[in-house]
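Only one structure is covered here, and it is reproduced in the block below.
The values are calculated or read from the model by the stated rules, or taken from the named source; none is laboratory data. From a predicted model like this one, the values you see are computed outputs, not experimental measurements. Every residue, glycine as well, gets a Cβ built from its backbone with ideal geometry; the counts of neighbours run over all protein chains shown.
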Amino acid sequence: MKKEDVTIMNRHGLHTRPATTLVKNAAGFKSEINLVYKGIRVNAKSILGLLVLAIEPGAKVTIEANGPDEREAVELLVALAKNKFDME
Amino acid sequence: MKTIKGVKISPGIVIGPTFFFKRDQFPIPGTWIQMSDADAEIARFQQAILKAAAELTQVRKLVLEHLDEDHAKMIDGQLMILSDPELISLVSQYVRKDNRNVVWAFFEVMSSYEKILQETDGYQKDRAVDLRDIKRRVIYHLSVDDAYLTPNLKEPAIYVTDRISPSDLIHIKDQGALGIISQIGGVDSHVGILARAFRLPYISHITNIEEVLACPEIVLDADNEEIVLNLSDENRKIYDERARQHELLNQKLLSAKLVSSSRDGVPFRVLLNIGFVQELKTIRPQSVQGIGLFRTEFLSIERNAIPNEEEQFIAYRDTLQAMKGRPVTFRTFDFGRDKLMAMLDLEVMHRDIAFEEWGGIRFCLDNPEILQTQLRAFLRASIYGPARLMLPMVTRIEDVLEVKKMIEIIKRNLKKEGIKFRDRFPLGVMIETKLALDILEPLAGMVDFFSVGTNDLALYLIGVKRDEDLAKNYYHPIIFQSIHKIVQAADRFSLPVTICGEMASDPFALIGLVALGIRSVSVNYSAFHAVSDEIRNIRILETLTLKKQLLQEENAVMLYQLLREFYKNQMCAIPRK
């Protein structure tokens with residue numbers, strides 16, 4: 001398993017638009033991918049799961065991947081988060 | 001006597017018990033399924049998801065084409081929810097392990113997500129509306145019939161609700177609703193139009209619904225914009241009598257006679273505007289000469305999506321059959337912002353001003369698959385009666401040419417498929433833009449009839465917004481001059497001209513229209529009987545003397561006075577009810 005911490009820097013936190021981008025990208029990997037926030041682990045391919053976490057701006061989250069493409073998955077998703085999910 | 005004030009949406013007065021229905025609280029069947037049915041239930045769920053996704057994809061495409069990627073992305077969130085792996089797996093678990101029926105399972109899963117979202121403090125809280133939209137859309141497709149979603153009145157009662165949809169209204173009307181009270185709802189809403197067509201008293205903006213529901217019997221007095229909660233014995237007599245008068249008026253309207261000419265025997269047609277097939281139930285077809293305007297886009301409002309070919313075909317066929325040989329003019333989809341809003345029924349979009357400029361035949365030509373579907377449904381239905389086709393908001397010759405070309409292609413395909421249709425039917429255009437006024441003659445050479453949409457014409461010529469009071473603008477000289485120009489151009493090509501719009505419902509303006517040579521009007525049901533009465537009493541030949549004066553008048557106030565005087569002189573000998 002591969003994992004890495006990253007800070008959510010979008011102005012309104014992980015709201016629908018960045019969450020949509022995250023899910024779209026996560027869905028492209030074969031690995032099982034989770035996002036952990038305040039000890040709660042959700043499927044990163046589930047928009048509903050991400051939304052109900054209500055991740056605030058500046059929050060630290062962990063991205064975990066388990067599977068054949070786990071390294072690429074974590075790298076890409078962390079890069080996306082650092083890049084504010086191509087928004088703002 | 002305790003009374004609550006509200007806003008009148010539809011006039012009338014009625015006394016009765018109440019029936020409460022909260023629109024977004026779906027009655028979910030709490031039934032268990034057999035273990036062996038689990039696969040079928042889940043398959044049903046997957047089908048519903050696919051249908052909902054197809055509808056939203058269509059909406060997304062429209063939004064993208066007419067607005068931008070940013071707005072289209074608002075719908076992406078909803079589409080993504082539909083394909084959420086957790087959602088699908090949770091629903092499947094509820095069905096397989098708990099043996100709940102799939103509507104129940106889906107509702108529970110969605111509601112739990114919705115609850116968590118609503119409890120968060122973040123920006124995500126607003127997304128609860130997406131979940132509600134999705135819930136409504138999927139449950140619609142999951143429901144074998146509408147019974148899950150629609151109210152069920154067991155006895156005649158006054159319907160009390162948070163908000164009411166057009167399809168709810170049609171449904172409760174059939175079940176014998178006496179009147180409507182709602183928390184939200186506007187006079188110009190489509191529900192308002194329907195309530196007035198059905199002559200159902202309706203008051204909205206009532207906030208303390210609980211108080212209303214606590215009473216075993218109330219008076220819904222829409223005429224005075226109030227609800228009487230505890231009717232005293234001494235007042236009961238007065239209210240009973242008023243309610244009886246309202247009922248009598250309704251019955252009188254139902255037995256109205258057909259008008260086919262003026263008092264001095266000049267042939268004249270008073271046609272009806274409708275938006276829902278169900279409206280036909282409120283009239284006797286033999287008392288109407290035809291439908292002058294069928295607003296097909298209302299079918300979308302009823303369904304919250306653009307109806308498919310079969311749904312449209314059934315609506316058009318049923319209308320033609322109900323009218324028993326009288327002509328029906330179907331106007332192709334005319335999506336203005338308000339109608340699109342109602343159709344999408346997405347709370348997220350409601351306050352967005354970006355949807356300002358959608359409408360008319362251009363919208364349909366820009367989305368050919370929508371128009372093709374509509375034309376196919378129209379052609380298939382056309383064999384069931386004298387169907388006519390009308391194009392809204394025409395601004396260019398090419399608009400008509402493109403539609404004609406499309407019709408020819410569809411006819412060829414239908415022929416190949418061995419499907420029957422009417423080969424020749426009248427095709428007309430609505431004259432309601434300034435651009436159309438500049439191309440009247442070439443247009444007249446290409447079509448079979450003109451209809452003048454006076455509401456939009458006034459908007460384009462004088463620049464007043466739709467929500468402002470148009471009444472004061474009917475008397476603007478430029479409106480009468482434009483209509484004169486339209487009639488002249490049509491005369492040269494022997495085209496009939498019909499006036500569709502509020503202007504024809506105004507007694508003084510109607511005199512002016514008649515003076516200009518208008519011999520056909522199409523009006524909403526609420527105005528139908530008053531207009532019929534006026535035509536029955538008017539001496540048309542005498543209006544010819546009015547025409548010259550009318551066209552020379554340059555001042556709206558003077559013009560109004562001129563028409564009013566003429567009206568009074570003509571009508572004074574006739575006893576008015």
#### Entry: Given (1) part of a strand (DSSP E or B); (2) in contact with a Phe, Trp or Tyr (Cβ under 8 Å, 6 or more places away or on another chain), index of the condition A:THR21 fails
(1)
### Query
So, of the residues in the stretch B:265-298 that are surrounded by fewer than 23 Cβ atoms within 10 Å (Cβ to Cβ) and among the aliphatic types (A, V, I, L, M), which turns out to be modelled with the lowest pLDDT?
B:ILE283
### Query
Got at least one residue in the stretch B:384-407 being within 19 Å of B:GLU311 (Cα to Cα), assigned to a helix (DSSP H, G or I) and in contact (Cβ under 8 Å) with a residue 60 or more places away in the chain?
yes
### Summary
Of A:ALA44, A:ALA79, A:ALA26, the only residue that is more than 8 Å from chain B (Cβ to nearest Cβ) and more than 22 Å from B:ILE75 (Cα to Cα) is A:ALA79
### Message
Consider the stretch B:409-436. How many of its residues are crowded, with 18+ Cβ neighbours inside 10 Å and of a type in the set (A, V, I, L, M)?
### Response
5
### Message
Out of the residues in the stretch A:52-66 meeting the condition of being among the hydrophobic types (A, V, I, L, M, F, W, C) and under 11 Å from the mean Cα position of the chain (by Cα), tell me which one is nearest to the other protein chains (Cβ to nearest Cβ).
### Response
A:ILE55
### Query
Which ones in the stretch A:67-82 are over 28 Å from B:GLU114 (Cβ atoms), within 12 Å of the chain's Cα centre (by Cα) and not basic (Lys, Arg)?
A:ALA73, A:VAL74, A:GLU75, A:LEU76, A:VAL78, A:ALA79
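Residue-wise test of (1) in the same structural domain as B:ALA177 (by TED's automatic domain parsing); (2) β-branched (Val, Ile, Thr).
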| position | (1), (2) |
| --- | --- |
| B:PHE198 | yes, no |
| B:ILE203 | yes, yes |
| B:GLU217 | yes, no |
| B:LEU229 | yes, no |
| B:SER232 | yes, no |
| B:ILE238 | yes, yes |
| B:ASP264 | no, no |
| B:GLN278 | no, no |
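State whether the residues of the stretch B:567-577 include one that is of a type outside the set (Asp, Glu) and closer than 26 Å to B:ALA489 by Cα. Show your work before the answer.
Step one: list which residues in the stretch B:567-577 are of a type outside the set (Asp, Glu), which gives B:567-577.
From the residues that got through so far, the ones that are closer than 26 Å to B:ALA489 by Cα too are none.
No, there is no match, as no residue in the stretch B:567-577 is of a type outside the set (Asp, Glu) and closer than 26 Å to B:ALA489 by Cα.
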### Query
So which of B:THR433, B:THR454 is in contact with a helix residue (DSSP H, G or I) (Cβ under 9 Å, 6 or more places away or on another chain), modelled with pLDDT under 95 and within 18 Å of B:ARG362 (Cα to Cα)?
B:THR433
### Query
So which of B:ILE9, B:ILE42 is assigned to a helix (DSSP H, G or I), modelled with pLDDT of 75 or more and either within 14 Å of chain A (Cβ to nearest Cβ) or surrounded by 15 or more Cβ atoms within 10 Å (Cβ to Cβ) (or both)?
B:ILE42
